[in-house]
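Student: My structure is below; once you've seen it, I'll send some questions.
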Amino acid sequence: MKEPQQLPVLALLPDLVKQLETQAVVLQAPPGAGKSTALPLYLLQKMATQGRIILVQPRRLAAVSIANFLAQQLNQEVGQQIGYQVRQQRRAGPDTRLLVVTEGILTRMLQSDPELSGTDLVIFDEFHERNLHSDLGLALFLESRQLRPELGLLVMSATLPAQALASWLQQQNISCHVLQSEGRQFPVEISYQPPTAQQPWLQKAVQVTQQAIASDYQGILVFLPGQAEIRRLQQQLQGSADLQVFALHGGLSLQQQNQVITPLPEGQRKLVLSTNIAETSLTLPGIGLVIDCGRERQAQYIPKYRLTRLITRRIAQAAATQRAGRAGRTGPGACIRVWSEDDWHSMAEYRPADIEQQDLTELLLEVAVWGSRVEDMAWFTAPNSGHLQSAKDTLQQIDALDDQGQATALGKQLSELGSDLRGALTLLKCEQQQRHLLPLAALLVASIEEQEQRDFHDVHSALQAVAATPQRWPRTQRRWLYWCARLKIKAHIGKWQARDLAWLLLQMFPDRVAAKRASGKDYQLATGAGLIWERDSMTSADWLIVVQVTFNERRSDGIIRQFLPLHEDWAAALLGDLTSVHTLARWRSDKGGLEKVEQLRLGALVVSERALPGEISAEQRVQALLNETQTRGLQIFNWDEASAQLLRRLRIWADQQSELDVSDDWLLQNLDSWAAPFWLALRTRSELSQWRPHNALRQLLSYAEQQRLDRELPTHWHAPSGRQHKIIYQQDGAAVVALKLQEVFGTPQTPLLAQGQLALTFDLLSPAGRLLQRTRDLAAFWQNAYLEVKKEMRGRYPKHPWPEDPEQAQASHLTTRALKR
C-alpha cells in the first residue's frame with residue numbers, strides 16, 4: 001500500500017474508528033481534507049470487522065474515479081478489495097470489502113435486502129448536496145438500522161452544519177458524535193472580479209478566463225451554469241497551442257467525463273469548463289485556478305405541468321466554498337469569483353434540498369414499495385407537501401399506487417426495472433400488450449434518457465434519424481442495446497408507423513396530451529396548463545403528444561420543444577382508454593342559462609360533447625357556479641364591507657397566530673367545501689355576483705374560534721370617551737380607527753390587538769372631522785406632535801378642550817362647556 005499524504009483528516013481517524021464502535025458519526029471536513037480518499041482506506045485497515053463498507057457518492061464519475069484511486073493506493077485492480085457499482089456498470093467481486101456506489105444503487109440494494117446483509121458500515125459522502133436519493137437513502141437506511149442496530153453510519157460533508165445533522169439523528173434515537181477537521185491540505189487565495197453595471201456576467205467571465213489563459217497556470221477550472229454557457233464561452237475564447245479545452249457536464253458519457261480527469265502529458269495545460277458536477281469529490285489533476293461565475297442550474301418541479309424546469313440561480317455560500325476548494329487539491333491555488341464581495345453576503349447559506357423543490361414521484365413510489373408512508377419516515381428536510389400530492393395523483397393515474405397509497409404489483413415492477421418511471425411504464429405495458437413494438441419502445445426510452453436528439457422537434461423524425469444512423473448517437477445506441485439485453489429481445493427494429501409511436505408515447509405521457517385552444521395558436525395540456533410555440537407553429541395538428549417542454553421566466557406558459565402530432569384518423573381510437581364521460585351543466589352564453597351536456601374528457605380537455613335532455617340537478621347547478629368562479633376569480637362575489645373586513649381580519653389572524661389558510665389560492669381551490677354549501681338556492685350567474693361571502697367565511701371557524709377572533713381582532717374599539725368606533729382593517733394588515741383627538745385623552749399608550757401583536761393605528765381628527773395625525777405610537781404623539789397640533793388647533797377650535805397634559809385629561813367628544821354641565 002502506498003504511503004498516504006499528510007492530509008488534515010488523518011488526525012481524526014483514530015478517534016473516528018473508536019467512535020464508530022458504539023455510535024454514528026457526523027464528520028465535517030473542508031474540500032481537500034482527504035475524507036473521500038484517505039479515510040475509507042484507513043477504516044478498511046483499522047476497523048475490527050470483516051463485513052463490507054459501502055461508500056455512497058452522489059455522482060457516477062466521482063464514484064468510479066474514487067474507486068480507481070483507492071485501488072491504486074493498494075496496488076490492486078478495481079474489483080478486488082475495492083469495487084464500484086453505478087448505473088449499467090459493476091466492478092466488484094467476492095473479495096470486495098469497500099464498495100463505492102451511487103445513491104440510486106444504495107436504494108436498490110436496500111429494497112432488495114433491507115438488512116444490508118454482509119455490510120458493517122455505510123458512509124454517506126458529500127451529504128451536503130442533498131440529492132433526492134441521498135435523503136431517500138438515509139431515510140431508508142435509518143429504518144433498516146432498526147433491524148440491525150449494530151449497522152454503522154458515517155455521514156460526511158464539507159459544508160453541511162454537522163451539529164444540526166447530529167441533533168436530528170439523536171432525535172431519531174441514534175447516538176451520534178460530531179468530528180470536525182479544520183484545515184485543508186493547501187491554501188486557496190480568493191479574489192473578486194465582478195462585472196461592471198452594464199456588463200453581462202458571461203462577458204466578464206470570458207474576459208477573466210482569457211486573462212487566466214495568458215497566465216502561467218497549468219490547470220484552470222471555470223464553473224458555469226449549463227451546457228449553453230459552456231458552448232458560448234468556448235466559442236469566444238482564444239486558445240494557445242499548449243492548452244487543451246475540455247467541457248464537463250452530466251450530458252457526457254462516463255468515458256467522456258473520465259477523459260477530463262485524466263492527467264495530461266508533461267508540458268500540456270488544461271482548461272475545464274464545467275457545470276456544478278465538478279464541485280465535489282473530484283480531483284482534477286493540476287488545477288491551480290478556479291474561476292467561479294457564481295451561478296448554477298436548479299431543477300424546479302411545476303405540479304400543474306407535472307414537469308421539471310431548469311432555472312438559473314445564484315449559488316449558495318456552501319457551494320462557493322466547495323468550488324474554491326477545487327483549486328487546493330494538489331497544491332496552493334487561487335479562486336477568482338466573478339461577483340462582488342457584497343454578493344457573498346446576500347447569498348443563501350445552503351442551496352435548497354432537492355426534496356423541497358423537485359418531482360417526488362419516484363421517491364413516493366420507492367417509499368410505497370418499501371412498505372412505509374412518507375409521513376411516517378424520518379427526513380432531515382420535510383418533503384414538499386404539494387409535490388407529494390402531485391406525485392400521488394400521477395402514481396394513482398398509472399395504477400402504481402392503490403387508493404390507500406400502497407404499491408400495486410405494477411408499482412413494484414416499475415421500481416425494480418430501475419429506469420425513469422415513465423420509461424419503465426412504457427416498457428412494461430409494451431411487453432404486456434404490444435410486444436412486437438418492444439425494440440421501438442426501448443429505442444424511445446433510450447432516446448429520452450440520453451437526450452441526444454434535443455434539436456429534433458418531431459420525435460418521430462428523431463427516432464428515424466437514430467435508427468438510420470446509429471453511429472451518430474453513441475449514447476442512445478449504447479442505452480438501446482442495454483435495454484434490448486435487459487428485456488431479452490433482438491436488437492433489431494423493423495418498420496414502424498407514427499401511430500405505433502403515438503401508442504407508446506401515450507403509455508409514457510398520458511398527461512402530456514395537448515389540444516389546440518379556440519384561438520387556433522396555443523395548446524392546453526390535459527393537466528389544464530397552457531403551452532405555446534416559441535416562434536411559428538410547427539404543426540397544424542389539433543392534438544399533440546408533448547414530449548419536451550422548456551420554460552422561460554418571462555412567460556407563464558411552457559414552450560413546446562418536442563412533440564408528436566396526433567392525427568385525426570387514429571387519435572380518437574388511441575385516446576379512448578384515457579378518457580372518461582362526464583355529465584354537467586354549462587352556461588350557454590354570457591347572459592344565458594344552463595344547459596345539460598355530456599362530455600368525453602381527457603383530464604381538462606374535452607374530446608367531444610353532446611347536449612342532453614332533462615332537468616339540471618342542484619348538484620350540477622352548483623358545479624356550474626363553481627366552474628364560473630374558478631374562471632372569473634373571487635372578485636365575482638359581492639364583497640360588501642362586512643365580507644371584505646372579515647376576510648382581512650381572518651388573514652391578519654392567520655398570519656400571526658393561526659394555521660388557517662385564507663389566501664386567494666386556497667379559497668379558490670376549496671370553494672366546494674366553504675362556499676358551495678351556501679349556493680343551493682342560487683340559480684343564475686347574476687345571483688352568484690350578488691352573493692355575500694361573509695357567513696360562509698365565518699363558518700371556516702368553530703364557535704370558540706369565532707369568539708376568539710372577535711376578542712382579538714374586534715370590529716369596533718371602545719374609546720375612553722365611551723363611544724364605539726369602527727376598526728377598518730386594511731390590505732396591508734393595519735387596523736385603523738378614526739375618531740376625534742379628544743376621544744383618546746387619557747390613553748397614554750397605543751392599544752394592542754391580537755394578543756399584543758398588532759398596534760392599533762389612530763386617525764386623529766379635528767373637531768370638524770379633518771385628519772390631524774395618523775399614528776401607531778400614542779406615547780410619542782403626546783410627547784412630540786401633540787404640542788404643535790394643540791398650538792395650531794386651540795385658536796381654531798376654542799370651544800373644545802386642549803389640555804396641557806392629555807395623558808391625564810378626560811376623554812370626550814363634547815365641547816368644554818358641555819363637559820362642565
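No lab work stands behind these numbers, since they all come straight from the coordinates. From a predicted model like this one, the values you see are computed outputs, not experimental measurements. All Cβ positions, glycine included, derive from the backbone under ideal geometry; neighbour counts span all protein chains shown.
Student: Spin-label point model (7 Å from Cα, Cβ direction): what's the Arg148 to Ser385 distance in nm?
Tutor: Placing both labels 7 Å beyond Cα along the Cβ direction yields 3.7 nm.
Student: Here's something else I'd like to know. Please list the radius of gyration and Dmax for region 635-710, considering alpha-carbon atoms only, with Å as the unit.
Tutor: Gyration radius and largest Cα-Cα distance of region 635-710: 12.6, 38 Å.
Student: Next question, about the same structure. What pairs from Lys392/Lys488; Lys740/Lys791; Lys726/Lys791 go past 20 Å between their alpha carbons?
Tutor: From Lys392/Lys488; Lys740/Lys791; Lys726/Lys791, over 20 Å: Lys392/Lys488; Lys726/Lys791.
Student: Length gain on complete extension for the stretch Ser340 to Arg708, per 0.36 nm per residue less the alpha carbon to alpha carbon distance?
Tutor: Gain on stretching Ser340 to Arg708: 127.4 nm.
Student: If the cut-off is a Cα-Cα distance under 28 Å, which lysines reach Lys46, setting aside same-chain residues fewer than 8 apart in sequence?
Tutor: The qualifying lysines are Lys2, Lys18, Lys35.
Student: Next up: Enter the angle in degrees (range 0 to 90, nearest 10) between the Cα long axis of helix 421-433 and the first principal axis of the Cα atoms of the chain, meaning the one along which they spread out most.
Tutor: Here the helix axis deviates by roughly 70 degrees.
Student: Round to the nearest 10 and give me the degree value, 0 to 90, for the angle of helix 474-487's Cα axis relative to the longest principal axis of the chain.
Tutor: Long axis of 474-487 versus the principal axis of the chain: about 90 degrees.
Student: On to the next question. For the ranges 742-748, 349-355, 119-125, what's the packing order if you count other beta-carbon atoms within 10 Å of each residue, average per peptide, and put the highest first?
Tutor: The densest-packed peptide leads the list: 119-125, 742-748, 349-355.
Student: When all alpha-carbon pairs of region 475-582 are counted, what percent fall beyond 16 Å?
Tutor: Taking all Cα-Cα pairs of region 475-582, the fraction more than 16 Å apart is 65 percent.
Student: Could I ask something else about it? Which whole-Hz couplings ³J(HN,Hα) result when phi for each residue of region 85-93 is put into the Karplus expression 6.51 cos²θ - 1.76 cosθ + 1.60, θ = phi - 60°, listed in order with x for Gly and Pro?
Tutor: Taking θ as phi minus 60°, the curve returns 8, 10, 4, 6, 9, 8, 10, 7, x Hz for region 85-93.
Student: Another question about this same structure. Run the paramagnetic zone check for Lys726: 7 angstrom along Cα to Cβ, then residues of region 698-720 with backbone nitrogen under 11 Å.
Tutor: 716
Student: Compute the relative contact order of the chain as a whole-number percentage, counting only Cα pairs closer than 8 Å that sit 6 or more residues apart in sequence.
Tutor: Computed over the chain, the figure is 7 percent.
Student: Modelling each spin label as a point 7 Å along the Cα-to-Cβ direction, I'd like the Met538/Arg454 distance in nm, to one decimal.
Tutor: 1.3
Student: Next question, about the same structure. Once both labels are modelled 7 Å past Cα along the beta-carbon direction, what's the Ala604-Arg692 spacing in nm?
Tutor: So the two model labels end up 3.5 nm from each other.
Student: For Gln6 and Gln406, what does the FRET efficiency come to when R0 = 56 Å and r is the distance between their Cβ atoms, rounded to the nearest 0.05?
Tutor: Computed FRET efficiency for Gln6 and Gln406 comes out at 0.55.
Student: Applying 1/(1 + (r/R0)^6) with R0 = 45 Å to the Cβ-Cβ distance of Ser663 and Ala573, what FRET efficiency is obtained, to the nearest 0.05?
Tutor: That pair, Ser663 with Ala573, gives E of 0.55.
Student: While we're here: Using unit Cβ charges (K, R positive; D, E negative) and no other charged atoms, how large, in debye to the nearest 20, is the dipole of the chain about its Cα centre?
Tutor: Around 1440 debye, computed over the chain.
Student: Moving to a separate point now. What does the C-alpha gyration tensor say about the overall shape of region 8-180? Classify as rounded when a/c is under 1.5, otherwise prolate if a/b is larger than b/c, or oblate.
Tutor: rounded
Student: Taking H as built 1.01 Å from N, whose amide H comes closer than 5 Å to the amide H of Lys270, not counting residues under 5 places away?
Tutor: For Lys270, whose amide H was placed from the backbone, the distant partners under 5 Å are Gly219, Ile220, Gln244.
Student: Going toward the positive end of the dipole of the chain, with +1 on Lys and Arg Cβ and -1 on Asp and Glu Cβ, which of Thr37, Val101, Gly331 do you reach last?
Tutor: Towards the positive end, the residue furthest out is Gly331.
Student: From the gyration tensor of the Cα coordinates in the chain, what semi-axes in whole Å does the equivalent ellipsoid have, largest first, with each one equal to sqrt(5λ)?
Tutor: Each semi-axis is the square root of five times an eigenvalue, giving 56, 41, 28 Å.
Student: Compute the length gained on full extension between Ala654 and Ala818: take 0.36 nm times their separation in residues and subtract their Cα-Cα distance, giving the result in nm to one decimal.
Tutor: Answer, rounded to one decimal: 54.6 nm.
Student: Give me, ordered by chain and number, the residues 5 or more places off Leu401 or on other chains with an amide H under 5 Å from its own placed amide H.
Tutor: HN-HN under 5 Å from Leu401: Gln396, Thr408.
Student: Can you grab the distance from the C-alpha centre of region 373-413 to the C-alpha centre of region 1-80, Å, no decimals?
Tutor: Result: 36 Å between the Cα centres.
Student: What full-extension length gain, to one decimal in nm, is calculated for Lys488 and Ala348 as 0.36 nm per residue of separation minus the Cα-Cα distance?
Tutor: Extending this stretch completely gives an extra 45.5 nm.
Student: List, largest first, the extents of the alpha carbons of region 188-356 along their principal axes, each in whole Å.
Tutor: 54, 38, 29
Student: Give the cross-link partners of Lys521 among the lysines, using a straight C-alpha distance below 24 Å as the criterion and excluding same-chain residues fewer than 8 apart.
Tutor: Output for Lys521: Lys304.
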